[in-house]
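Participant: The structure under discussion is supplied below as structure tokens; questions concerning it will follow.
The values are calculated or read from the model by the stated rules, or taken from the named source; none is laboratory data. Source: prediction; values computed, not measured. All Cβ positions, glycine included, derive from the backbone under ideal geometry; neighbour counts span all protein chains shown. Ligands, DNA and RNA are excluded from the accessible area calculation, which covers all protein heavy atoms including side chains. Shrake-Rupley method; radii C 1.70, N 1.55, O 1.52, S 1.80 Å.
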Amino acid sequence: MLDRLRPCTVAATLLLAGSAPALGSDLFTRNITLTPEQVARQAPPPADPAALERALVAAVMRESNARRAEAGLGPLSLDPLLAQSAGRYSRKMRDLAFFSHDAPDGESLDGRLPRGERYRYARLGENLWSGRGALDWRADSLSRQATGDWILSPSHRDNLLEPVYDVAGVGVAMGGDQVFVTMLYAKPQIDQASARLRSIYADPPADLPGFAASLEGAMLDALNGERARSARSTLAGDATLAREARFHAQASLAGGGMAAAATQGEPVMRRVLDDRANRTNRLSMLVWEASGGVTWQGRALADSALESWRKRGGTLQDVLDDGYDRAGIGVATDGTRVFATILLSETREPTVRFLSGAGPTSLLDGTPSIFPPTEYFSLD
């Protein structure tokens, strides 16, 4: 004879750094009916709920790692911040009588951690479980029930058995004949200093032209810092080159970014080389683009650009070229993307000019010869 009903409900969601949840609030509910004999074998609700809450936290972590081991995955380490946040959310569900990843006050997974701490994690996931009624009120039994229900639902199983996750935290809250379990999973950020900087400067400044001008200065400082470390001379900022670089950056940004850079680059370089007043004997152009999760802080962006050029040996050779003594830097931004153009110039009486569209030609010793285009135009 069927006697008692035991509802069990679970929900899962996943959040990537800088993005919306990849999984929605996936709700999975099961009603389990028990015979009187089964009910008789179960432990009653505890006299000390706090003791069971503590025991269940440890049991869910232990059982979750056992499930991962069965799948050939490494264990999750306990993260105190995640555990604290999970415990607070379980108590919130109990106190406000709801069960969802989105609280009645609007809190979602993105706000689960304390403000200013979200930057610590590159990826965050959450599984919820709630049981009510004729439960076996022992920590081991409840933990097996919770993780077992998670395994039965694809999205919950994906969170529990996600190889990327390294750490987790469990929070439990009891209220009457109902228990709430929150488990947060995460991949910590490797470079927390940069992640914190991104969290502080996540929004574009109100004064975009002012920001672009400050970034131009930061980039010149970064280039000269790199040259100083290699005992190279300092690059002088040049207003004429900067004006041309700024034009190129703006045109490239308006034209779609990197795809437009090469098209817009040739006419800019022709103008510089053809104008003998510039006294430019040799010229290189470096370009850089940032989009998606931009850190709106000048020196951080300048360092990012330099690091990307450092990874391309040929580009960094231009930065460290002993012959270059002037630089013009232009930055353009629309509040979503940042595009930077750098013109590096060697100052001498010109020995290079463009003749009727034939390309760069050397007139040294009166013998024309074609230089490789990459000597003049470098793309990153």
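Participant: Cβ-Cβ distance below 7 Å, separation of 6 or more or different chains: which pairs start in the stretch 336-351 with a residue that is of a type in the set (D, E, K, R) and open to solvent by 10 Å² or more (accessible area, probe 1.4 Å) and end on one that is assigned to a loop (DSSP other than H, G, I, E, B) and at pLDDT 85 or above?
Facilitator: E346/G323; E346/Y324; E346/D325; R348/R279; E349/R279
Participant: Could you give me the residue pairs with C-beta distances under 9 Å whose first residue belongs to the stretch 146-171 and is part of a helix (DSSP H, G or I), whose second residue is surrounded by fewer than 24 Cβ atoms within 10 Å (Cβ to Cβ) and acidic (D, E) wherever it lies, and which are 6+ apart or on separate chains?
Facilitator: These pairs meet every condition: A146/E63; T147/E63; G148/E63; P154/D26; S155/D26; H156/D26; H156/D149.
Participant: Restricting attention to the stretch 119-142, and to residues there that are more than 18 Å from M93 (Cβ to Cβ) and among the hydroxyl-bearing types (S, T, Y), which single residue is least open to solvent (accessible area, probe 1.4 Å)?
Facilitator: Going through the qualifying residues, I end up with Y121.
Participant: Taking the options R94, R123, R115, name whichever one is in contact with a strand residue (DSSP E or B) (Cβ under 6 Å, 6 or more places away or on another chain), under 30 Å from T295 (Cβ atoms) and not hydroxyl-bearing (S, T, Y).
Facilitator: After ruling out the rest, the residue left standing is R123.
Participant: Separate question: Within the stretch 263-279, how many residues turn out to be surrounded by fewer than 16 Cβ atoms within 10 Å (Cβ to Cβ) and either in contact with a Cys (Cβ under 7 Å, 6 or more places away or on another chain) or under 24 Å from A218 (Cα atoms) (or both)?
Facilitator: Residues flagged as surrounded by fewer than 16 Cβ atoms within 10 Å (Cβ to Cβ) and either in contact with a Cys (Cβ under 7 Å, 6 or more places away or on another chain) or under 24 Å from A218 (Cα atoms) (or both) within the stretch 263-279 amount to 0.
Participant: Do we have L208 as surrounded by 14 or more Cβ atoms within 10 Å (Cβ to Cβ), more than 30 Å from H101 (Cβ to Cβ) and among the aliphatic types (A, V, I, L, M) here?
Facilitator: yes
Participant: Further, regarding this structure: Suppose the filter is at pLDDT 90 or above, open to solvent by less than 70 Å² (accessible area, probe 1.4 Å) and either touching a Cys at 6+ places or on another chain (Cβ under 6 Å) or farther than 14 Å from G125 by Cα (or both); does S214 pass it?
Facilitator: yes
Participant: Scan the stretch 218-235 and give yes if some residue there is of a type in the set (S, T, Y), farther than 30 Å from T147 by Cβ and in a helix (DSSP H, G or I), otherwise no.
Facilitator: no
Participant: If you go through the stretch 233-244 one residue at a time, do you hit one that is more than 27 Å from D334 (Cα to Cα), buried (at least 20 other Cβ atoms within 10 Å of the Cβ), polar (S, T, N, Q) and modelled with pLDDT of 90 or more?
Facilitator: Within the stretch 233-244, not a single residue is more than 27 Å from D334 (Cα to Cα), buried (at least 20 other Cβ atoms within 10 Å of the Cβ), polar (S, T, N, Q) and modelled with pLDDT of 90 or more.
Participant: Follow-up. Restricting to the stretch 54-98, and then to whatever is touching a Ser or Thr at 6+ places or on another chain (Cβ under 7 Å) and of a type outside the set (D, E, K, R), can you tell me which residue is farthest from G176 (Cα to Cα)?
Facilitator: Residue satisfying both the conditions and the ranking: L76.
Participant: Now, a different point. Restricting attention to the stretch 291-314, report how many residues are touching a strand residue (DSSP E or B) at 6+ places or on another chain (Cβ under 8 Å) and surrounded by fewer than 19 Cβ atoms within 10 Å (Cβ to Cβ).
Facilitator: Selection size over the stretch 291-314: 3.
Participant: Of all residues in the stretch 75-113, which are in contact with a helix residue (DSSP H, G or I) (Cβ under 9 Å, 6 or more places away or on another chain), aliphatic (A, V, I, L, M), more than 15 Å from V60 (Cβ to Cβ) and not in a loop (DSSP other than H, G, I, E, B)?
Facilitator: L81
Participant: Got at least one residue in the stretch 99-108 being more than 28 Å from P45 (Cα to Cα) and in contact with an Asp or Glu (Cβ under 6 Å, 6 or more places away or on another chain)?
Facilitator: There is at least one residue in the stretch 99-108 that is more than 28 Å from P45 (Cα to Cα) and in contact with an Asp or Glu (Cβ under 6 Å, 6 or more places away or on another chain).
Participant: A follow-up question, please. Do we have A251 as crowded, with 16+ Cβ neighbours inside 10 Å and assigned to a strand (DSSP E or B) here?
Facilitator: On the way: crowded, with 16+ Cβ neighbours inside 10 Å: yes; assigned to a strand (DSSP E or B): no.
Against the criterion (crowded, with 16+ Cβ neighbours inside 10 Å and assigned to a strand (DSSP E or B)), A251 does not qualify.
Participant: Related question: Could you tell me whether D79 is more than 16 Å from A168 (Cβ to Cβ) and of a type in the set (D, E, K, R)?
Facilitator: no
Participant: Which one of these is under 22 Å from T263 (Cα atoms), among the basic types (K, R), open to solvent by 20 Å² or more (accessible area, probe 1.4 Å) and modelled with pLDDT of 85 or more: R326, R282? Before you say what the answer is, go through the steps one by one.
Facilitator: Numbers: R326 fails: under 22 Å from T263 (Cα atoms).
None of the others qualify; the one that does is R282.
Participant: Can you tell me which residue in the stretch 143-159 is most open to solvent (accessible area, probe 1.4 Å), limited to those that are of a type in the set (G, A, S) and under 19 Å from Q178 (Cα atoms)?
Facilitator: The extreme case among them is G148.
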